[in-house]
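Report on the following structure.
FYI, it's all coordinate maths here, none of it is from the lab. If you're wondering where the values come from, they're calculated on a predicted model, not measured in any experiment.
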Amino acid sequence: MEPPHPDVVERLSALARLHHEWTLEHAGAEAQPNDAPDYLVHHVDIDPPPGAENKFVRRAREIEGSGDHVG
């Protein structure tokens, strides 16, 4: 198997950075409970302020090169 194209690696790295920054920015939001026994080991549910998720999706789609923008 050949390695991914450098452009793909850069886009995925940019998405990872965006997700990390967004999570840090909104990690102080109120956690939402979940009854699954191991859920909190792998996930933290947050309730970000209005518009924050749409802003994230718009930026992610820009990075991915998608023409479909939200909001």
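At 0.36 nm per residue, minus the direct Cα-Cα distance, what do Arg17 and His5 gain on full extension? Give it in nm, one decimal, please. Please list the in-between numbers first.
Numbers: separation 12, 0.36 × 12 = 4.32 nm, distance 1.87 nm.
Gain on stretching Arg17 to His5: 2.5 nm.
What full-extension length gain, to one decimal in nm, is calculated for Ile46 and Glu64 as 0.36 nm per residue of separation minus the Cα-Cα distance?
On the way: separation 18, 0.36 × 18 = 6.48 nm, distance 2.41 nm.
Additional length available on full extension: 4.1 nm.
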